[in-house]
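J.: Provided herewith is a single structure, encoded as structure tokens, for subsequent inquiry.
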Amino acid sequence: MSEVVQLVDASDTSLFGSKAVGLGQALRDGLPVPPGVALSGAVVDAVAGRDEQAIEQVALWVRPLKGPLAVRSSAVDEDGAEASFAGQHLTLLNVPGADELTSALSEIWWSANSDSAITYRQRVGLFSRPSVGVVVQTLVNPETAGVMFTRNPITGADERVIEASWGLGEAVVAGRVIPDHFRLARDGEVLERVAGHKKIAFRSLPDGGTVEQDVAPELIERLCLADGQLAELNLLADRCESIYGAARDIEWAIAEKTLYLLQCRAVTRAGP
Amino acid sequence: MSGVPVEVLKRVPLFADLNAQELERIARLFKERRFSAGETVIQQGSGAAAFFVIDSGEATVFVDGKERRVLKTGDSFGELALIDAGTRTATITAASELVCSGVTFWDFRPLVEENGVIGWKMMQALVTIFRAERGE
């Protein structure tokens, strides 16, 4: 078994971690996931140790991807670890290309081996050596992005809940804005639209990394999703549920009028 | 490959009794880690995952919020983490761009488990440290 594969071929969670395998399955099912490659935990470990052969192997796979890159950790660990390690393991957005990947992989390796990660593992009773796979994808540079729950995570109601903001989805995920809030019925009817207060947006920088920018005053409280885009998101929710089952937590982005699926995982808590 | 010079490891009290070959095996386990100026390297009270040697740059040590000393190239910190992954006893922040090499508890433990001689020498070093701290 190769330690580096196209994302579409990632199928072994013990090698590549649950995020990589989940995205690989999404690609195999025809969902709109940005192209990428999956790196095993062992390869990430070798690259972090500056093993020249591993560095060259990864570069050969990654060079064909259009930069800049999104480099996301994919925990290779106990069942359900990806969800429980959310916030512990690093994701690096806008890595310029294959040449900068080694230091990005090193940072991600250390995020899984940091003091805070160890403290967390001790608290939840995990004493095994951390292993972290990585997903490297072409970075989507979105106009709008956010999260969608295919079932209301608070009330448990059978409806879609969408939270959206301008730019990269990190503004929503990290709670840096009050996002626009939408509720949709399963048939797509819009049940609620509440404009948020989106003062900042995360954007990619030309030389790598991201920057927090002020949003133009007229856009701060303007809804960032039109009804047609909500309908597309509802269709994506349908497809994700038909493939993975009910109650999904989806990260999505819209760039150049194309909707992308960035992550799809089970909702960790769904209503009463 | 990553690694740190054996001469640097020789200065670490925990490794004082190890020979060059044994130190070389430990040196190969290290991985580079970079910190930005101002970044917290380790936090007092946190669990401890790794032992670090400073490759370049400076770091400041704080205990209970009070500055205690400045660490420079070749200095090391956190070696007891390799044995018990216990609690950090100081906070260290990067005073400049800081490049360290670190080895984790998880990577160090198998080496000691496979090599009783290294383990025994480290036990002796620990006793020496313990006696010194008791003033014997």
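The values are calculated or read from the model by the stated rules, or taken from the named source; none is laboratory data. The structure displayed is predicted, hence computed values, not measured ones. For neighbour counting, all protein chains shown are included, and Cβ atoms are generated from backbone atoms with ideal geometry for every residue, glycine included.
Here is a yes/no grid of residues against (1) surrounded by 16 or more Cβ atoms within 10 Å (Cβ to Cβ); (2) in contact with a Leu (Cβ under 9 Å, 6 or more places away or on another chain):
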residue: A:139; (1), (2): yes, yes
residue: A:155; (1), (2): no, no
residue: A:159; (1), (2): yes, yes
residue: A:174; (1), (2): no, no
residue: A:186; (1), (2): no, no
residue: A:191; (1), (2): no, yes
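J.: When the residues of segment B:42-52 are narrowed to those that are within 9 Å of chain A (Cβ to nearest Cβ) and in a strand (DSSP E or B), which ends up surrounded by the fewest Cβ atoms within 10 Å (Cβ to Cβ)?
T.: For segment B:42-52, the residue satisfying everything is B:47.
J.: Residue check: is residue B:52 in contact with a Gly (Cβ under 9 Å, 6 or more places away or on another chain), in contact (Cβ under 8 Å) with a residue 60 or more places away in the chain and among the aromatic types (Phe, Trp, Tyr)?
T.: Working: in contact with a Gly (Cβ under 9 Å, 6 or more places away or on another chain): yes; in contact (Cβ under 8 Å) with a residue 60 or more places away in the chain: no; among the aromatic types (Phe, Trp, Tyr): yes.
Taking the combined requirement at face value, the residue does not satisfy it.
J.: What number of residues within segment A:14-29 are touching a residue at least 60 places away in the same chain (Cβ under 8 Å) and over 15 Å from residue A:72 (Cβ atoms)? Please lay out each step first, then the result.
T.: From segment A:14-29, those touching a residue at least 60 places away in the same chain (Cβ under 8 Å) are A:14-20, A:22-23, A:25-26, A:29; that's our starting set.
Still in the list and also over 15 Å from residue A:72 (Cβ atoms): A:14-15, A:25, A:29.
Of the residues in that region, 4 qualify.
J.: Keeping to segment B:53-95, report how many residues are closer than 23 Å to residue A:48 by Cα, surrounded by 15 or more Cβ atoms within 10 Å (Cβ to Cβ) and among the hydroxyl-bearing types (Ser, Thr, Tyr).
T.: 2
J.: Can you pull out every residue in segment B:70-97 that is within 15 Å of residue B:40 (Cα to Cα) and either of a type in the set (Val, Ile, Thr) or more than 15 Å from the chain's Cα centre (by Cα) (or both)?
T.: Of all residues in segment B:70-97, those within 15 Å of residue B:40 (Cα to Cα) come to B:70-71, B:77-78, B:88-97.
Passing the criteria: B:70, B:89, B:91, B:92, B:93, B:94, B:95, B:96, B:97.
J.: Suppose we keep only residues that are away from chain B (no Cβ under 14 Å) and among the hydrophobic types (A, V, I, L, M, F, W, C) within segment A:128-137. Which one would you say is surrounded by the most Cβ atoms within 10 Å (Cβ to Cβ)?
T.: To start, the set of residues in segment A:128-137 that are away from chain B (no Cβ under 14 Å) comprises A:133-137.
Keeping just the survivors that are among the hydrophobic types (A, V, I, L, M, F, W, C) gives A:134-136.
Values: A:134: 33, A:135: 29, A:136: 27.
Among them, the one singled out is A:134.
J.: When segment A:108-120 is examined, which residues are found to be surrounded by 23 or more Cβ atoms within 10 Å (Cβ to Cβ) and either among the charged types (D, E, K, R) or more than 8 Å from chain B (Cβ to nearest Cβ) (or both)?
T.: A:108, A:112
J.: Taking segment A:37-49 as the region of interest, how many residues are within 19 Å of residue B:28 (Cβ to Cβ) and touching an Asp or Glu at 6+ places or on another chain (Cβ under 7 Å)?
T.: Of the residues in that region, 2 qualify.
J.: Could I ask something else about it? Hey, can you tell me all the residues within segment A:62-86 that are at pLDDT 90 or above and in contact with a Ser or Thr (Cβ under 9 Å, 6 or more places away or on another chain)? Give the derivation first.
T.: The initial filter retains those residues of segment A:62-86 that are at pLDDT 90 or above, namely A:62-65, A:69-74.
Across segment A:62-86, the qualifying residues are A:65, A:69, A:70, A:71, A:72, A:73, A:74.
J.: Kindly provide the set of residues from segment B:7-32 that are touching a residue at least 40 places away in the same chain (Cβ under 8 Å), at the interface with another protein chain (Cβ under 10 Å from one of its Cβ atoms) and surrounded by fewer than 22 Cβ atoms within 10 Å (Cβ to Cβ), ordered by number. It would help to see each step written out before you state the result.
T.: Here is the first cut: in segment B:7-32, the ones touching a residue at least 40 places away in the same chain (Cβ under 8 Å) are B:8-9, B:11-18, B:22, B:25-26, B:29-32.
Pick out the ones that are also at the interface with another protein chain (Cβ under 10 Å from one of its Cβ atoms) and you get B:29-32.
Selection gives B:29, B:32.
J.: Out of segment A:152-184, which residues are over 27 Å from residue A:90 (Cα atoms) and in contact with a helix residue (DSSP H, G or I) (Cβ under 9 Å, 6 or more places away or on another chain)?
T.: Correct list: A:160, A:182, A:184.
J.: Would you confirm, using the coordinates I've provided, whether residue A:50 is surrounded by fewer than 21 Cβ atoms within 10 Å (Cβ to Cβ), touching a Gly at 6+ places or on another chain (Cβ under 9 Å) and at pLDDT 90 or above? Step through it out loud before you land on a result.
T.: Details: surrounded by fewer than 21 Cβ atoms within 10 Å (Cβ to Cβ): yes; touching a Gly at 6+ places or on another chain (Cβ under 9 Å): yes; at pLDDT 90 or above: yes.
For residue A:50, the condition - surrounded by fewer than 21 Cβ atoms within 10 Å (Cβ to Cβ), touching a Gly at 6+ places or on another chain (Cβ under 9 Å) and at pLDDT 90 or above - is met.
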